[in-house]
Amino acid sequence: MDSLISVTAIITGAGSGLRMGGEVKKQYRMLAGIPILIRSLDPFFSSPIISNIIVTAPEEDLALCESMIRQYFDPAPKPYLVMAGGLERQDSVFGALQQCPEDTALVYIHDAVRPFISHDLLEELQGIALREKAVVPACRLKNTIKEVTGDYIGQTLVRDRLLQILTPQVFDFDLIKASYEKAYQDGYVSTDDAALVEYYGAKVRYHLTGDMNIKITDEWDLTLAHLIIEKNILI
C-alpha cells in the first residue's frame, strides 16, 4: 500500500442530530463510555495511510469538538483541523475540500456517526481509489424495496440491482473537488458525495462490505451499536 501519497479524511459532524432527539447531539452521545465522534475518528487517527484529518462541526460546537479530540488524542498522531460546517452536508464537505493540503491525492469522506470501520477497509478502499479514482463501500439489501405513489405501491424494484451505500467514500482529490465546483455552478444538490461525481460524468466503483458499518441516526441504531461492542462482533 502506498503510504507516501497525501490522504485527507473529512469527517462530517456538522449535523444537528435532530432525528435522535435529546439534549446531546448524536455525534457526542456516549457509546460504551466513548463519544460516537471519537470512535468514528479513531481508525483515521491510527491508520498509517491517512495523512491529515478535517472535522466539520456545528459552529456553536467548535470549542466542544476541539476539547473532545484533545481529550482522546493528545498528543495528536497527525495534523487535524476542526472547522464550522455549512447549512447542508454538501456545504460542509465543499468547505472542507477548500482546506485540504495542496498535495492531497485522495480524500476520504466519512460520517461522524459511523463508528465501526476498520483499518482493513480503509486500505481496501485506498487501493481501489488509486486505480479507479472513486469508490464507495456498499452492502446488499435484505428486504424487498418498493416505490410508492401516495398510499399505494407503485412498483417493486429489482433488489439484485440495488445496494445500500455507506461511508467512507474515497475519491481522487482533483475529481471530487471539480465535481463539487460543477455541482455548485449548476445548482445540483445531493446528500451523497458519489452522486456529485456521477453528475460530473465519472464512474464510481462500489466495494461490497459487511453489514456492521451502521450509521447511528436513532435510538435503535444506538442500541445496536452497544450490542456490537458488547458481543465483540467482528466488523
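The values are calculated or read from the model by the stated rules, or taken from the named source; none is laboratory data. This one's a predicted model, so the numbers in the text were calculated from it and none came from an experiment. Here the Cβ positions follow ideal geometry from the backbone for every residue, glycine too, while neighbour counts run over all protein chains shown.
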What strands (runs of 3 or more DSSP E) completely inside segment 64-152 contain at least 3 residues that are touching a Ser or Thr at 6+ places or on another chain (Cβ under 9 Å) and either of a type in the set (Asp, Glu) or touching a residue at least 24 places away in the same chain (Cβ under 8 Å) (or both)?
80-84, 104-111, 134-140
Within segment 82-121, considering residues that are among the hydroxyl-bearing types (Ser, Thr, Tyr) and crowded, with 22+ Cβ neighbours inside 10 Å, the one nearest to Phe45 (Cα to Cα)
Tyr108
Given the conditions (1) under 30 Å from Leu31 (Cα atoms); (2) modelled with pLDDT under 95; (3) touching a Lys or Arg at 6+ places or on another chain (Cβ under 6 Å), which single one is not true for Ile233?
(3)
Only helices (runs of 4 or more DSSP H) wholly contained in segment 169-234 count here; list those with 1 or more residues that are closer than 22 Å to Asn143 by Cβ, of a type outside the set (Gly, Ala, Ser) and within 19 Å of the chain's Cα centre (by Cα).
219-230
Take segment 118-173 and flag every residue that is farther than 21 Å from Gly201 by Cβ and of a type in the set (Val, Ile, Thr).
Thr144, Ile145, Val148, Thr149, Ile153, Thr156, Val158, Thr167
Determine whether Asp172 is at pLDDT 95 or above, within 23 Å of Lys215 (Cα to Cα) and either surrounded by fewer than 16 Cβ atoms within 10 Å (Cβ to Cβ) or among the charged types (D, E, K, R) (or both).
no
Since Gly21 meets every condition but one in (1) over 18 Å from the mean Cα position of the chain (by Cα); (2) at pLDDT 95 or above; (3) not hydrophobic (A, V, I, L, M, F, W, C), which condition does it not meet?
(2)
From the set of residues in segment 43-60 that are touching a helix residue (DSSP H, G or I) at 6+ places or on another chain (Cβ under 8 Å) and assigned to a helix (DSSP H, G or I), which is surrounded by the most Cβ atoms within 10 Å (Cβ to Cβ)?
Phe44
Could you say whether any residue in segment 199-209 is surrounded by 14 or more Cβ atoms within 10 Å (Cβ to Cβ), out of contact with any Lys or Arg (no Cβ under 7 Å at 6 or more places or on another chain) and among the small types (Gly, Ala, Ser)?
no
Any idea which residue in segment 37-95 is nearest to the chain's Cα centre (by Cα), counting only those that are β-branched (Val, Ile, Thr) and more than 19 Å from Phe171 (Cβ to Cβ)?
Ile38
Looking at (1) within 25 Å of Glu132 (Cα to Cα); (2) at pLDDT 95 or above, find the lone condition where Tyr184 falls short.
(2)
Contact list please: Cβ distance under 8 Å, first residue in segment 209-235 and under 15 Å from Ile165 (Cβ atoms), second residue of a type in the set (Phe, Trp, Tyr) and surrounded by 13 or more Cβ atoms within 10 Å (Cβ to Cβ), pairs at least six apart or on different chains.
Asn213/Phe116; Ile214/Phe116
Inspect all residues belonging to segment 140-147 and state whether any of them is among the polar types (S, T, N, Q) and crowded, with 17+ Cβ neighbours inside 10 Å.
no
